[in-house]
Amino acid sequence: MSDASAEAVCGPDALDATVPSDEIPEGVPGESRAVATNGVRLHVVEAGPEDGKLLVLLHGFPEFWYGWHETIAALANAGYRVVVPDQRGYNLSEKPPSVSDYRIDELASDVVGLIDAYGRETAAVAGHDWGAAVGWWLALHRADRLSELVAVNVPHPTVFEETLRRSWDQRLKSWYVLAFQLPTLPEAVASAGNWRLAVRGLRESSNPGTFDDEDFRRYRRAWSREGAFEAMVNWYRAVVRDRPEPERTRVEVPTLVIWGARDRFLAKRMAGRSVDRCADGRLLTVDTATHWIVHEEPHRVAEAIADHADPLPPGARE
């Protein structure tokens, strides 16, 4: 790691907020770090051998790094240097005040800065939900910094835009994106009654038992941090105001799309169409899983990621 990179990866005391003693659950390997990237400080959880292939796991809405917690041990044991950030605006990471601070180019630049901070030229990136949207954007605009991409339950941006234009069904599924454009009301409604609607949304859109009381305790804590939920919603406000279009539509980075077929928010047909936009793409569909497949099938997801972006020579894991 270069001197500049070493300075960018700091101790957790460099964060604005105190890291709770139970931030990382027992049984989950890893340590909290603060990383300076693209003008913000992000909280990350890192695990695995320091010289392992760099793997960045990106969460979506309304989660934080914890969304990947059940995959970390398996991926670290597979030989990866696993880095799981709270993306900007979330949980313990910095929360810039303006909607424009959450444009997709900025979000993607945060990940490039993470790769730089760890002293690497490239990294494998796996993203779920909004994290997958950031991953697609990186693959289309900064392919030189990605070795592989895994996109979980969010389609290629061009496929999503085309589907929205043609499908009333998908427009209805995406109604909440327009609701999030209202000022202050989404934050007030979501937080009412100790986050009653936010909790219900996760519970009702996932398979029974996917999220337990401990999960919701952690999510409520993350959502309740000052400015956090407004920043989280600003991701949606920024994408509607900016209406970004990728510079190209063909993905050259080797790509695995993982899709829970019972997703209530995104039509399954977009998964195959996304793979069609990839020069080297594969699709893994799990018929019994929902949008929250990373929670429902964490070991299967981790195995698929490890196989797609294998850091070890053939046969070395046996």
- [ ] Mind jotting down the three principal axis lengths of segment 67-203 based on Cα atoms? Whole angstrom, largest first.
- [x] 42, 38, 31
Task: Stokes-Einstein diffusion coefficient of segment 125-261, Kirkwood radius over Cα pairs, 4 °C, 1.567 mPa s, in µm²/s - done: 77
TODO: Multiply the residue separation of L182 and T288 by 0.36 nm, subtract the distance between their alpha-carbon atoms, and state the gained length in nm to one decimal.
DONE: 34.7 nm
TODO: Give the peptides 90-100, 37-47 in descending order of average Cβ contacts within 10 Å, highest first.
DONE: 37-47, 90-100
Task: Computed [θ] at 222 nm, helices only, for the chain once each DSSP H run of length n ≥ 4 contributes -39500 (n - 2.57) - done: -11500 deg cm²/dmol
- [ ] Quote to one decimal, in nm, the extra length available between N207 and L172 on full extension: 0.36 nm per residue of separation minus the C-alpha distance between them.
- [x] 10.5 nm
- [ ] For the chain, with all protein chains present and a 1.4 Å probe, just round the carbon and sulfur fraction of the accessible area to a whole percent.
- [x] 48
Open item on the list: With an 8 Å Cα cut-off and a minimum separation of 6 or more residues, compute the relative contact order for the chain in percent.
Closed with: 19
- [ ] Take the Cα atoms of segment 220-300, build their convex hull, and give its volume per residue in Å³.
- [x] 147
- [ ] State, to one decimal in nm, how far the label point of S98 lies from the label point of R300, with both points 7 Å from Cα in the Cβ direction.
- [x] 4.4
Open item on the list: For the chain, what does the convex hull of the Cα positions come to per residue, in cubic angstrom?
Closed with: 128
Open item on the list: Suppose every Lys and Arg Cβ carries +1 and every Asp and Glu Cβ carries -1, with no other charges. What dipole size does the chain come out with about its Cα centre, to the nearest 20 debye?
Closed with: 1340
- [ ] For an R0 of 25 angstrom, estimate the FRET efficiency from the Cβ-Cβ distance between R221 and R196 and round to the nearest 0.05.
- [x] 0.95
- [ ] Name the residue farthest towards the positive end of the dipole of the chain from the options V112, S100, G27, assuming +1 on Cβ of Lys and Arg, -1 on Cβ of Asp and Glu, about the Cα centre.
- [x] S100
Task: Relative compactness, segment 199-250, computed as alpha-carbon Rg over 2.2 N^0.38 Å - done: 1.60
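The values are calculated or read from the model by the stated rules, or taken from the named source; none is laboratory data. All of these numbers come straight from a predicted model, not from anything done at the bench. Counting neighbours? That spans all protein chains shown, and the Cβs are built from the backbone with ideal geometry, glycine included. The area values use the complete protein model at the heavy-atom level, side chains included, leaving out ligands, DNA and RNA. Shrake-Rupley method; radii C 1.70, N 1.55, O 1.52, S 1.80 Å.
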